[in-house]
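Read through the structure below, which is laid out as structure tokens, and then see the notes.
The values are calculated or read from the model by the stated rules, or taken from the named source; none is laboratory data. Everything quoted here is computed from the prediction, not taken from an experiment. Note that each Cβ is placed from the backbone with ideal geometry, even for glycine, and that neighbours are counted across all protein chains shown.
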Amino acid sequence: MAERKSFLLRIDARLYAELRRWASADLRSINGEIEFILKRWIDDRRGESSPRS
């Protein structure tokens, strides 16, 4: 398993609320939802189309 890094993230309260709604709908933590979104964005930038969960 890859080493996990932690860091502080400051975001707008409205963005946080939206992420919380998405995470809840996807049965993920907010951290898990942010990681999922970032992985999908990176895959899109690389031109990969494999879904990640």
Checklist outcome for this item: Of R20, R28, the only residue that is surrounded by 12 or more Cβ atoms within 10 Å (Cβ to Cβ), part of a loop (DSSP other than H, G, I, E, B), among the charged types (D, E, K, R) and modelled with pLDDT of 95 or more is R28
Checklist entry - Could you list, in sequence order, the residues of the range 1-17 that are assigned to a loop (DSSP other than H, G, I, E, B) and surrounded by 10 or more Cβ atoms within 10 Å (Cβ to Cβ)? => result I11
